[in-house]
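Working notes, beginning with the structure itself.
Nothing in this text is a laboratory measurement; each read-out follows from the coordinates by a stated rule. None of the values given here were measured: they were computed from a predicted structure. All Cβ positions, even for glycine, are placed from backbone atoms using ideal geometry, and neighbour counts span all protein chains on display.
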Amino acid sequence: MTSKWNYQSPNNEQLLKRDELSQKFDMSPIVCLLLVQRGIITEEDVMRFLKPSLRDLHDPFLFPDMQKAVDRLNLALGNKEKIMIYGDYDVDGTTAVALVYKFLEQNTWCSNLDYYIPDRYDEGYGISDRCIAYARETGVTLVIALDCGIKAVDRIAYAKSLGIDFIVCDHHKSDDVLPDAVAILDAKCPGSTYPYKHLSGCGVGFKFMEAFANSNSIKFAKLCTLLDLVVMSIIADIVPLTGENRILATYGLKQLNHNPSQGLKGIIEVSGLPETGITMNDICFKIGPRINASGRMMNGRATVDLLLEKDVETAKAKSENINQYNDDRRELDRKTTDEAYALIDGNPEIADKKIIVVYNPEWHKGIIGIVASRIMEKYYKPAVVLADANGYVSGSARSVTDFDIYRAFESCKDILVNFGGHPFAAGVNLYREQLDLFKSRLEAYADEYLLERQAVQTFDIDLVLKLNEINRKLAVDIRRMNPFGVGNTQPVFCSFGVRDSGVSKLVGRAQEHLQLNLVDDSTDDAIPAIAFGMHEYNDAIKSGAPFDICYTVEKNTFTKNSLQLFIKDIHV
């Protein structure tokens, strides 16, 4: 057994509250218990959770510098200054740039707007010297920086000396010294009183435009048409789907399904998705990667060009180009992943460490984050993948539960050029001569702070079910808990002593997946299930012996059955 399942039985108080909510809302007792376990206890809590409302968004002027930001933007528009919208090259940054640019273009008299996406390879993350030079050459006097800027102290100071003001809209942690910007909109800054701390970069841009709309008597409904961009950023940047993010994601998903922009409509088509019924998983695994592909393989500006496109045919052509970037990215991803696996498996000095650090100067910087994710999933260890880019060694990291990779990088900051990110995903740049020291210090940090229990893949179980408790009503009520993500994870159940009904089989091109039909002692009515990549359990399951499963309950899109179990782990 190479994994661990965590489960805590509900107490009597939770069970009583479950029964109360089930009667009040006519919902499955199982789903009501799930809500109670997530702290959704009162009738008001349940209503806000099940029916998020834009009326519950916080006042954007609760950001301490919001009035300063609005005043400076109004001044720039009034003086017909040239304004640059600047953002990172990933999904969060490009959607943020598209949202702010599009809203200002559509709802102001400004004809002097520009946008800038830094090149991942030549400029790297954050505010670049090239951007400031371009702003100076083209007469820009105000830069709105989105999804970056909170650490750009020196560059923003230099820009100010040239007469270029910055408004920083970020959601990353700051250093001790803040940049000398006209306004800083970042709920994670020391002293910020904004009530919600987990907006995406695009979400912060949305709040800025909300405040701007309020101050200029622009209808809020006009801004809401851009929520399809916000939901993309929320899913791609893996921010918690709680509070304001849950509201924004819910309405953004509606916008994406009923009236997406031409650019997103083109991406939906090349992804092979239906026009409606798009889910968070579709954003995560199909739409988001394609939007990201431009910044990974070429330049993120192509993504913004697509997101701003108004013409149907041009949007289709640009979507095809983006799709080709994604195909190229997938092939490069496969090749690099295979090379990384071979490097790890052939080198005990790497494989036996608590944290995996691999480096190849020839690897493509645009896909090393994806490769880090695959390494983390396969070996279940924090993974740092490094390559040469723009004169530095550049790396992307992904981490396991409860090990904060951002803090691990922070412990090495004295030898880094820069770093940034979150507890589970971070990026770093350093000089080549510091590489060996960086690697050894990361390994020492992991030895000290990565506990043995964290090196075992863990599944948090919400509830234990008998198979006869799984039915259509349960599946429908679980879907009412959408959208799922960090902070509101899809419920994970486990069932003990299930058996093969006799018709389970291996499927897939390489017979790598298990298609199951399961029964237990509560029912002889078999429930379909799919276990991707778990072919090694086939013999044990076909023997007829009982086994245990943990799983999510999903809509079955491949057969006429209304539901199936998506197996996450098997214990035999």
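Its Cα gyration tensor gives segment 459-571 an equivalent ellipsoid; the semi-axes, largest first and in whole Å, are 22, 16, 14. Beta bridges assigned by DSSP with both partners in segment 346-455 are antiparallel in approximately 80 percent of cases. Rounded to the nearest 20 debye, the dipole magnitude of the chain is 1040 debye, with +1 charges on Lys and Arg beta carbons, -1 on Asp and Glu beta carbons, and the Cα centre as origin. With contacts taken as Cα pairs under 8 Å at a separation of at least 6 residues, segment 346-455 carries a relative contact order of 24 percent. Counting neighbouring beta carbons within 10 Å and listing from fewest to most, the residues Ile549, Ile132 come out as Ile132, Ile549. Neighbours of His172 by Cβ distance under 11 Å: Lys/Arg scored +1, Asp/Glu scored -1, total -4.
When the C-alpha to C-alpha distance is required to be over 26 Å, the pairs from Lys222/Lys254; Lys222/Lys473; Lys354/Lys555; Lys24/Lys197; Lys354/Lys505 that qualify are Lys222/Lys473; Lys354/Lys555; Lys24/Lys197; Lys354/Lys505.
The angle between the Cα long axis of helix 66-78 and the main principal axis of the chain comes to about 50°, on a 0 to 90 degree scale. Shape summary of segment 60-226, radius of gyration then Dmax from alpha carbon positions: 14.4, 42 Å. Working from Cα pairs under 8 Å separated by at least six residues, relative contact order for the chain is 11 percent. Rounded to the nearest 10 degrees, what's the angle between the helix 201-215 long axis and the longest principal axis of the chain, both from Cα atoms, 0 to 90? The angle comes out at about 60 degrees. Among Cys494, Cys284, Cys131, Cys202, the order by Cβ neighbours within 10 angstrom, fewest to most, reads Cys284, Cys494, Cys131, Cys202. By the count of other C-beta atoms within 10 Å, a proxy for reagent exposure, Thr489, Thr552 are ordered fewest to most as Thr489, Thr552. Mind checking the angle between helix 243-258 and the chain's longest principal axis? C-alpha axes, 0 to 90 degrees, to the nearest 10. Value to nearest ten degrees: 90. Altogether, the Stokes-Einstein calculation at 10 °C and 1.306 mPa s, with the Kirkwood radius of segment 346-455 over Cα pairs as Rh, returns a diffusion coefficient of 117 µm²/s. In terms of packing, defined here as the mean over residues of other Cβ atoms within 10 angstrom, the peptides 328-335, 240-247, 223-230 line up highest first as 223-230, 240-247, 328-335. For the chain, the Kirkwood estimate of hydrodynamic radius, built from reciprocal distances between every pair of different alpha carbons, is 25.4 Å. With a 4.7 Å Cβ cut-off, tell me which Cys residues in the chain come up empty for a partner. Lone cysteines by the Cβ rule: Cys32, Cys110, Cys131, Cys148, Cys169, Cys189, Cys202, Cys224, Cys284, Cys412.
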